[in-house]
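Please treat every number below as a calculation from the coordinates, not as lab data. Being a predicted model, the structure only gives us computed values, none of them experimental. FYI the Cβ positions are ideal-geometry reconstructions off the backbone, even for glycines, and counts take in every protein chain you see.
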Amino acid sequence: MIVKNNNLAKSVAVILAISSLSLSFEGCNNIKPVDQEPVNAEITESNPEPIAQDLSDAHEDEPEQEVITDDNIKSDEISSDTGSQLKIIADNYALFCNTMNPDGGVYPGSSISVTDLNHNGRLEAIVSTCQGSGAFSTTYFFEISSDYSSLDILDINGDKSSDYTGDFLASEMYADDDYDYTVYDCYKKGDEYYYLIEDYCSSGWSEKYIAYYSYSINEGIKRDLLGGCLVAPDSDIDILTVHTKLSDSLNEHFADKESYLNYMNEYWSEYEKQSCCAVKWVALSDEDDFLESITRSYNSFNPEFGQFDVINYDYEDYFSSYYQDYKYTVEAE
């Protein structure tokens, strides 16, 4: 999994491509039986069973009452409870594995988290992994269908193909006993929820990049790039300078740190700040215990984590573990 002190290096090609900023997650069946037509008859000792009278004339003008059967029960009435949705997710174990690794089997390091990030009552399954000799993530999103009958893979900005997304698995991650949590800043606009995700890339010690994305889920994933920071230390260790390029979503560069931070914070000016959201990851393995694992994940999902601003845009703080005592010099283009 990806953490800030990851000593693995991403490929230079990925860094150069990203640095241009062209980079560009009740209740059971409550069916009520149909009220039966009352029987109008007199019960006596000699006649313990009621004899129904002919009521056809009295009700000939009344519409026929619909009888509820298995055929006309809406699927959302029988499958919208959490247990049924978790069972659907568990039944798609092979889908997760094949999506992450078409060659078969579980891709090493793959994890899954069950959430309801958009608060629509339909659970999402987020599957993420760290791959390659560098430190880059691949993440896929799935959601229970609107009729609660299946699990659908969600597109990301209109594309269902493999997507190198922000680090859903690693953003501000901390350990809790056997499993890992990830905490995201959360915002709301109208009825839609947005999550701040940071994406870290590295080309060894020499060059590193961090980008910030907004993600929302509404019949698909909408991903917006807020901005990014590319840093590269001077090769002369006596100077101890980190050359910094700060960019917005349009790849426009900032001349200083202050204007960059102001822009990043202003991005959310029209959104309502929410409590942070915490999701719990479990390993995408052990098929026999998969239902139990994802149930544990969902039971630990906390859409209102109770704190704010877990993620900040101060790149000097972010890279301090790599470049201690270095001076950051902004280079605008």
What area, in nm² and to one decimal, does the C-alpha convex hull of the range 234-333 cast on average over all directions? 10.5
Packing-based ranking, highest mean first, of 243-253, 118-128 given that Cβ atoms within 10 Å are counted: 118-128, 243-253
Show me the ranking of peptides 287-295, 142-150 by mean Cβ neighbours inside 10 Å, starting with the highest. 142-150, 287-295
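Packing-wise, with mean Cβ within 10 Å as the measure, how do 153-159, 81-87, 273-279 rank, highest first?
273-279, 81-87, 153-159
My understanding is that a pair violates if its Cα-Cα distance is over 20 Å; which of LYS222/LYS245; LYS189/LYS222; LYS188/LYS245; LYS222/LYS257; LYS208/LYS245 do that in this structure?
Pairs exceeding the cut-off: LYS222/LYS245; LYS188/LYS245; LYS222/LYS257.
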